Amino acid sequence: MLAYIIRRLASTVLVMGIVAVFVFLLLHLSPGDPAAIIAGDNATNEQIAGIRKQLGLDDALPIQFFRWVSAVLQGDLGISIFSNEPVAKLISQRIEPTLSLALTTLTVAVTLAVSFGVLAAWKVGSWIDRSLMVVSVLGFSVPVFVVGYMLIYVFSINLRWLPVQGYSPIDQGVGPWIERLILPSIALGLAYVALIARITRTSMLEVLAEDYIRTANAKGVATRSVLLKHALKNAGVPIVTVIGIGVALLIGGVVITETVFNIPGVGRLVVDAISKRDYPIIQGVILIFSGVYVLVNLLVDLSYTLLDPRIRY
Amino acid sequence: MTTRRSILKGGLAAAALTSAPSVIGAKAQPSAARTVKAVMHADLRVLDPIWTTANISAYHGAMVYDTLFGLDGDFKPQPQMVTKWGLSDDKLTYTFELRDGLKFHDDAAVTAADCVASVRRWAARAAAGQSMMQRVKDTPVVDDKTFRIVLTEPYGLVIDSLSTISTSLCYMMRKKDAETDPNQQVRDTIGSGPFLYNRDETRPGNRHVYDRNPNYHPRSEPASAMAGGKVVKLDRVTFENIADEQTALSALQAGEIDFYEVPPQDLIDDLKKDKNLTVEVLNKTGHVAFMRLNSLHPPFNKPDARKAMLYLAKQDDVMRAIFGQTSKSWQACGSYFACGTPMTNDENTEWFKHGQDIAKAKELFAKAGYDGKPVVVLQATDHYLANPAGLFAAQWLRQAGINVDLAAMDWGALVTRRASKKPPAEGGWNIFSTTVTGITFADPISFTGQAANGEKAWFGWPTNELQEQLRNKWATAPTLEGRQAIAKDLQKNGWDYVPHVILGQFYRNSTWRKNITGVIGMPEVVGFWNMEKGVSG
């Protein structure tokens, strides 16, 4: 097991290395020049050239790449071209809102989705099953930003129950913190609920058709116990896999949700950086996102051993 | 025994400990009643307003720094940091004396040496300053409060240049900051202006925080644009970066923000019906939308082809696409200097009075020897003007029988590609569209797009010797009347050699909560002095 974890961690480094090369080349070979954006609309070619030289963007690509990689290897993600602040500092300022949004979304989505999935499988073919599946299809089909605007319109503009936008750090009180996360979490979580609920239902239906479930029912085991103890645990592997895959979906959704609800998280940071061509920020964030994604998948793989003792690495 | 519950408890305890120092260290915040939260037209990215020509950096500059002179509401320069100034009889020496009590935010007095260094750094970057500096022999410091600008020849635009409201504005910095290489960004944000930049509370990309400068001594005259007393009646102003227009608008309607500089312009009529909001145009000179033509490559290396574009462009179409069918927030304009400005005139505008004429354009393209090669039109799909303007330009050109390559991209890519002098087929371009504020467009010196000195000119790089002679003549004309007369010649020549084609002049409405009063209108900058926040709303 330990050897497996070490092997996987080593492969994480390799994956991040490949991501680093890919992201660097993608950014630097695609059109866009931060110097031209910094200089402003009224600037001349001469002024733009001066800024480009000062930023070191005139150097050959391999030189720029090795400068960046050697700094990253020393734990330095670089300095933002526009704000002149260290990228690590900018990311650390933005990590709390993103983590808060991701964790509340995951918690709410997994709780609701698994419940819905189990319920739909239990009542398969009934109006409850059909209704839950219709809702899940809708949740998966409607874009995050549409859900976001609709929620803002109803709950913030009309009913005035919740704020439109922004983020309140948890150290300024749990009340304001949760108040500003409710709508974004619902908007972001809807697609996630739909995805997990459908997989849970399918997986549960498969398990509920197994002999040992029939035996449990014949023995007179309570339905709740059959569903949650016998069936759900055995249906868990595909559900956990989808939750892991869904982290990528979540990362993409976080970017849009943070924009719609004006949450100053890492997603907003990278979107703004892309429009400005702030290379060090984009490179730093994508590197971290890729690392997180690889690690989440490692955790998912390891969790299989808890759900199914037959699985060994 | 370690259980999941104990791990969870440990995690919660750790989270509580992590957040504890912030709670303990929390500082008293200015009350919401004296804080204005504003969403501006762009996110502030560069804090050095001399290094960049970006308008949002000029806004930041107006908060933090002060100017020697300021333009008033009638576009007349008025002393601001200066108390007295004079011009020698031979019109070669300007002498300036600073007001008493001027202090930087670090408590150091503002001296003449600071101002000389600031003027010199600004002049190295700004078009108006560069033109002035070509005639400056020396800038001696007389004493702590007095300095001079000594010219080699009389130059009527010295005071106008120092009070320019076109980016970059001539902001006064500390000598040690102003001595930074003009090609490098000043790191500190210590000015002597009405607001202090609160770096601790600022979160780049999210919020920029400005606190009232308690040591600022405003002039006694009433505030008027960049002139008069900049009396701060708020404790704090924050520039909130809300990238999504719909979210910003919802936040304004819900009272979460107080001021929204550029709301979606097609919704202005609806906003005017909201009893909680004031909707007003702050920049009365508006913005000019124009299509820049690349004079280096065919077909627009021929004046006839450029002139053909005058007959193709239909300003009404572009403006209606942006502002809606019923909006009165724009006008078609034929002046080379924006309409409603001191240099506006009617010379050589037959094309404008005539209106769109596809046949005439075809004839001019044929005369220019158009060879059928695709004309590359840059279209920034994320830009409110460059997107529809690109589409319309392509359509007009096709109607005139021109092959078009409509290159779709984002604005970031457009500003890079427009700097390329390569042939259009090799990554260059023929046409791009952008906007400039009316007051800048009206100034043959400050607007770099008015230069026609070939490879050194603004993108498009036109060459026209007469234009350069007239610009020089305009700059040295001693009176406004003299400059207005030369402006006619400039316009006559301009619409003959056609460096760009106007797509309309428009006036963007700003909106704010009804409890905000004392908002000062001016071109290029939004000032937060004089502004008050009432209790209701």
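We did not get these values from a lab; they are worked out from the coordinates using the rules stated. Being a predicted model, the structure only gives us computed values, none of them experimental. Quick reminder, even Gly has a Cβ in these numbers, built from the backbone with ideal geometry, and neighbours come from all protein chains shown.
Points worth noting:
- Taking a ≥ b ≥ c as the square roots of the eigenvalues of the alpha carbon gyration tensor, the range B:44-185 is rounded, as a/c is under 1.5.
- Neighbour net charge for residue B:160 - beta-carbon separation under 10 angstrom, K R +1, D E -1: +1
- The Kirkwood radius of the range B:287-506, taken over pairs of alpha-carbon atoms, gives through the Stokes-Einstein law at 25 °C and 0.890 mPa s a diffusion coefficient of 142 µm² s⁻¹.
- Entries of B:103/B:514; B:76/B:145; B:103/B:233 with Cα pairs more than 31 Å apart: B:103/B:514
- Sites residue A:229 and residue A:295, calculated FRET efficiency, Cβ-Cβ separation with R0 30 Å, nearest 0.05: 0.50
- With a cut-off of 14 Å between beta carbons, the residues surrounding residue B:427 carry a summed charge of +1, where Lys and Arg count +1 and Asp and Glu -1.
- Under a model in which nothing but the beta-carbon of Lys, Arg (+1) and Asp, Glu (-1) is charged, chain B shows a dipole of about 880 debye around its Cα centre.
- Short-range pairs are left out: with C-alpha atoms under 8 Å and at least six residues apart, the relative contact order of the range A:87-307 is 29 percent.
- For the range A:68-217, the fraction of alpha-carbon pairs lying more than 19 Å apart is 66 percent, rounded to a whole number.
- Inter-part distance where the range A:1-47 and the range B:313-372 are each reduced to a Cα centre, Å: 44
- Seen against the Cα atoms of chain A and their longest principal axis, helix A:61-73 is set at about 60 degrees.
- Range of Cα positions in the protein assembly as shown per principal axis (Å), largest first: 112, 66, 58
- Relative contact order of chain B, defined on C-alpha pairs under 8 angstrom at six or more residues apart (%): 19
- Proxy reagent accessibility, fewest Cβ within 10 Å first, across B:60, B:217, B:105: B:217, B:105, B:60
- Isolated cysteines of chain B, defined as having no other cysteine beta carbon under 4.7 Å away, are B:115, B:170.
- Counting other Cβ atoms within 10 Å as a rough exposure proxy, the listed residues B:115, B:333, B:339 run B:339, B:333, B:115 from fewest neighbours to most.
- For A:180, B:120, the sequence from fewest to most other C-beta atoms within 10 Å is B:120, A:180.
- Dividing the mean sequence gap of close Cα pairs (under 8 Å, 6+ apart) by how many residues the range B:44-185 holds gives a relative contact order of 32 percent.
- Projection of the Cα convex hull of the range A:87-307, averaged over all directions and equal to a quarter of that hull's surface, yields 14.1 nm².
- When the Cα positions of B:262, A:175, B:429 are compared along the charge dipole of the protein assembly as shown, A:175 comes out farthest toward the positive end, with charges on each C-beta of Lys, Arg, Asp and Glu.
- Nearby lysines by direct alpha-carbon distance to residue B:456 (threshold 27 angstrom, same-chain neighbours under 8 apart not counted): A:53, A:276, B:137, B:302, B:307, B:373, B:421, B:422, B:473, B:488, B:492
- Cα shape, chain B, gyration tensor, a/c 1.5 rule: oblate
- Rounded, prolate or oblate (a/c below 1.5 giving rounded, otherwise prolate when a/b exceeds b/c) for the range A:148-203 by Cα gyration tensor: oblate
- A cut-off under 12 angstrom between Cβ atoms defines the neighbours of residue B:233, and their net charge, with Lys, Arg +1 and Asp, Glu -1, is +3.
- Hits among aspartates and glutamates - C-alpha to C-alpha of residue A:219 under 14 Å, sequence gap 8 or more where chains match: A:211
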